[in-house]
Number of protein chains: 2
Amino acid sequence: MATETMKALRMYADWDPKPGFKLGAKDIEGRQTYLSSQVWRNPQLKLEDVAVPQPKDNEVVIQIRACGICGTDVHMYQTDDDGYMFYPGLTGFPATIGHELSGVVAAAGPKALNKGTNRPFSLGEKVCAEEMIWCGSCKPCADGYPNHCERLDEIGINVDGGFTKYVVVPDRVVWSLDPLSERYTEQEVFQLGALIEPTCVAYNAVIERGGGVHPGDNVVILGAGPVGLLAAAILKRNGAGTVVLSEPSEDRARLAPKMGVDHVINPMTESMPERVLQLTKGMGASLFLEATGLPTQVYPDIEQVIWEGRTLNSTVVVVARADAKIPVTGEVLQVRRARIVGAQGHSGHGTFPRAIESIAKGMDVRPVITKTVDLDGVQAMIEELQTDKTQCKVQCLMEA
Amino acid sequence: MATETMKALRMYADWDPKPGFKLGAKDIEGRQTYLSSQVWRNPQLKLEDVAVPQPKDNEVVIQIRACGICGTDVHMYQTDDDGYMFYPGLTGFPATIGHELSGVVAAAGPKALNKGTNRPFSLGEKVCAEEMIWCGSCKPCADGYPNHCERLDEIGINVDGGFTKYVVVPDRVVWSLDPLSERYTEQEVFQLGALIEPTCVAYNAVIERGGGVHPGDNVVILGAGPVGLLAAAILKRNGAGTVVLSEPSEDRARLAPKMGVDHVINPMTESMPERVLQLTKGMGASLFLEATGLPTQVYPDIEQVIWEGRTLNSTVVVVARADAKIPVTGEVLQVRRARIVGAQGHSGHGTFPRAIESIAKGMDVRPVITKTVDLDGVQAMIEELQTDKTQCKVQCLMEA
């Protein structure tokens with residue numbers, strides 16, 4: 001592959017820090033920042049030819065077969081009136097974007113090992129990858145919390161990602177998709193493989209951080225984005241009794257019945273708390289997932305269900321990012337024995353292999369895929385998704 | 001004892017509901033309410049002669065030897081400008097007040113059994129009692145959450161309590177103080193026995209609800225009332241590394257070094273977050289106890305320690321009641337893998353026997369006792385404590 005080139009969808013932007021911005025400890029002048037919306041201006045996408053990557057030591061080159069478009073991709077390309085990037089987090093440019101990826105092992109370094117077998121990968125093995133390249137060496141990683149790695153790289157964000165033919169990643173973030181092949185066709189395996197990463201964001205939120213449910217518990221999901229819908233499927237799989245989704249958009253909610261949701265509530269036209277209490281015969285819910293990013297709007301309703309419902313020990317999982325404070329009534333937490341937890345990331349805690357195994361055994365998350373495009377169509381789709389809220393998950397499919 | 005009488009400090013008040021008040025499901029016209037500050041006016045205390053109680057079936061009569069004055073006692077007697085009671089929770093009058101009690105078993109009904117032995121109590125056995133008479137039959141009780149009993153009575157609050165010679169209570173809330181006798185004198189056993197109830201409020205908050213600490217973890221206690229100081233002793237016993245107390249009052253903070261506190265911070269004259277980060281070498285803390293009731297003042301500081309400190313997985317336990325909302329930044333919970341839990345009560349979860357055993361094995365909580373009075377002096381002390389903030393725990397001692 002040494003002299004080959006490939007087409008890659010790469011993001012460029014102008015390094016133009018706002019007044020008062022100072023380089024942070026992990027920022028690199030002109031190349032990388034942890035505060036993208038303070039620094040990057042005029043993001044551009046270019047479909048251009050780049051060299052096919054070669055694997056070193058413990059690296060794996062994956063030939064991409066599917067790569068999903070994430071809200072992050074949309075927000076990196078979207079700008080405010082001054083041309084500054086919407087996306088506030090870590091980025092480094094130029095970089096090939098795309099991080100919800102699956103494909104086959106095309107090459108592997110001499111030290112690369114498959115975590116599932118502790119043996120070398122087989123060429124052609126179907127795999128997916130985590131988006132977070134946690135270092136494995138910093139204190140949080142050593143303590144078992146890779147989602148909080150202090151030396152993080154992110155695929156398709158500050159290192160080259162998946163909207164191209166080949167991507168190179170360290171072996172430690174690669175997971176075999178073999179378990180999926182028993183139940184699904186090859187094409188389905190790749191499309192499901194590209195859904196593993198967002199599925200693991202939802203899994204980390206409701207299972208690892210939220211503690212999941214005891215079978216028979218009720219849950220309420222706020223917001224029908226991919227993470228909210230994937231969380232519904234995971235909690236139904238975990239034995240949830242009644243799964244209620246609160247979502248004002250009919251377009252977003254239409255997939256809910258196929259994702260394990262029993263009842264959809266439109267909080268703009270009916271009282272979410274009253275409806276939840278009615279649907280659950282006054283019990284309320286054990287787990288609430290805040291996946292809207294609008295805590296001032298949804299948290300008072302969550303509190304009302306906890307206060308008036310008869311379920312003790314409710315957990316509120318906060319997975320959506322928001323600038324606004326959450327207006328929390330301590331007495332509700334006290335009298336109802338409740339708690340609030342924050343969730344971030346998808347790595348560690350056995351999450352990837354468990355999500356893959358759940359899908360392999362029949363947790364079908366394909367309904368969230370509402371459209372597919374080819375590599376030439378990704379940029380237009382990313383632009384379209386800034387305003388088109390009818391899609392749930394759009395994937396780019398690549399030929400073998 | 002049948003014809004005997006005894007002196008009892010009893011509270012009376014006028015049933016005079018504010019406009020708009022409606023009797024709740026568990027309220028009793030003229031006798032009991034769950035919203036005391038909406039109903040009761042002109043609370044009065046009278047030291048009067050009442051009949052000595054007799055035990056029925058599974059009841060135990062305890063001859064009181066010590067009974068602590070709680071903030072609840074003070075707030076039941078304190079009124080606003082219109083004469084309405086400060087205390088907002090459940091009360092029923094008239095009732096003998098006092099609920100932090102210890103003494104000896106003076107009589108027991110034919111079915112009364114000691115939970116520690118499943119055998120009848122011995123007459124003269126030293127015991128203490130929970131304040132909450134959880135029913136043991138409602139759904140929360142049956143599910144193992146007696147602190148959230150739906151048919152609750154409270155000793156010294158809506159049923160007769162301990163500022164007298166004898167109190168009658170159901171066997172299920174009585175705990176033997178025998179383990180204390182190996183280490184402490186008889187008088188100490190009674191004084192410590194009367195501290196078990198507030199110790200268990202702190203224990204329930206930081207251990208049962210907060211999850212305690214791994215030995216070596218740092219903790220920050222906000223507020224040096226009895227619960228804050230008792231929590232410090234419990235967490236130090238649980239292996240806490242650095243225990244920091246934030247308390248503006250020097251009077252309240254002066255007991256801290258004897259209760260396991262390593263460093264006291266005055267948040268009015270220094271930055272609590274900066275000082276905690278300095279004292280913990282940038283680590284911050286694993287557990288925060290909000291025991292001030294002033295969440296708008298202390299929560300932003302707690303967040304700053306969590307955000308800037310390197311400790312992941314911090315737990316904030318909210319034990320103090322407050323009307324104000326807690327201004328919670330979801331991103332802090334997400335990025336730092338943190339959580340907030342509410343704590344209420346002291347019953348269940350093995351808390352009483354564990355607190356007793358901890359004290360028996362050397363967790364000395366006597367320093368919180370700053371004064372003792374006799375029964376004749378309780379009313380004046382309750383009045384004095386409305387304004388005198390130099391005392392920590394005042395106990396009424398009774399002759400054998």
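The values are calculated or read from the model by the stated rules, or taken from the named source; none is laboratory data. Being a predicted model, the structure only gives us computed values, none of them experimental. Neighbour counts run over all protein chains shown; Cβ positions are idealised from the backbone, glycine included. Accessible surface areas use protein heavy atoms only, side chains included; no ligands, DNA or RNA. Shrake-Rupley method; radii C 1.70, N 1.55, O 1.52, S 1.80 Å.
Structure notes:
- Evaluated on the stretch B:130-253, the Kirkwood hydrodynamic radius is 16.6 Å, with distances taken between all distinct Cα atoms.
- What separates the A:Gly144 label point from its copies, with the point 7 Å along Cα to Cβ, is 2.1 nm, written shortest first.
- Label-to-label distances for B:Arg119 across copies, nearest first, come out at 6.4 nm, using points 7 Å from Cα in the beta-carbon direction.
- Cα gyration tensor category, rounded, prolate or oblate, for the stretch B:201-342 with a/c compared to 1.5: rounded
- Helical mean residue ellipticity (222 nm; -39500 (n - 2.57) per DSSP H run of 4+; nearest 500) of chain B: -6000 deg cm²/dmol
- Cross-link partners of B:Lys18 among lysines, defined as those whose alpha carbon lies under 28 angstrom from its own and excluding same-chain residues fewer than eight positions apart: B:Lys26, B:Lys46, B:Lys325.
- Most mobile of A:Asp262, A:Asp143, A:Asp376 in a GNM of chain A (Cα contacts under 10 Å): A:Asp143
- In terms of overall dimensions, the stretch A:1-95 has a Cα radius of gyration and Dmax of 15.4, 46 angstrom.
- Accessible solvent surface per residue of the protein assembly as shown, calculated while the other protein chains remain in place, 1.4 angstrom probe, Å²: 39
- Most fluctuating residue given options A:Leu101, A:Leu195, A:Leu47, as computed from a GNM of chain A linking Cα atoms under 10 Å: A:Leu47
- Cα-based shape type of the stretch A:51-130, given that a ≥ b ≥ c are square roots of the gyration tensor eigenvalues and the cut on a/c is 1.5: prolate
- Coarse-grained scattering of the stretch B:91-170 at q = 0.13, 0.15, 0.22 Å⁻¹, given as base-10 log I(q)/I(0) from a Debye sum over alpha-carbon atoms: -0.45, -0.60, -1.12
- Two tests apply to each whole DSSP H helix in chain A, Cα reach of 15 Å or more along its axis and mean Kyte-Doolittle hydropathy of at least -0.5, and the ones passing both are A:226-237, A:295-308.
- Cross-link partners of B:Lys393 among lysines (Cα-Cα below 16 Å; sequence separation of 8 or more within a chain): B:Lys258, B:Lys371
- Each copy carries B:Gly89; placing its label point 7 Å along the C-beta direction from Cα gives inter-copy distances of 4.2 nm, listed from smallest up.
- Spin-label model, A:Lys389 to A:Thr296: label points 7 Å out along the Cα-to-beta-carbon direction sit 1.8 nm apart.
- Net charge of neighbours whose Cβ lies under 13 Å from the Cβ of B:His75, counting Lys and Arg as +1 and Asp and Glu as -1: -2
- Full extension of the segment from A:Arg183 to A:Asp82, taken as 0.36 nm per residue of separation minus the current Cα-Cα distance, would add 31.4 nm.
- Kirkwood-based Rg to Rh ratio, chain A, C-alpha trace: 0.97
- Other protein chain C-beta atoms within 10 Å of residue C-beta, averaged over A:340-350: 4.
- For the stretch A:156-198 and the stretch A:286-327, distance of Cα centres in Å: 33
- Between B:Asn118, B:Asn313, B:Asn42, the residue with the greatest mean-square fluctuation in the GNM of chain B (Cα pairs under 10 Å linked by springs) is B:Asn118.
- Mean projected area of the Cα convex hull of the protein assembly as shown, taken over all directions, amounts to 36.8 nm².
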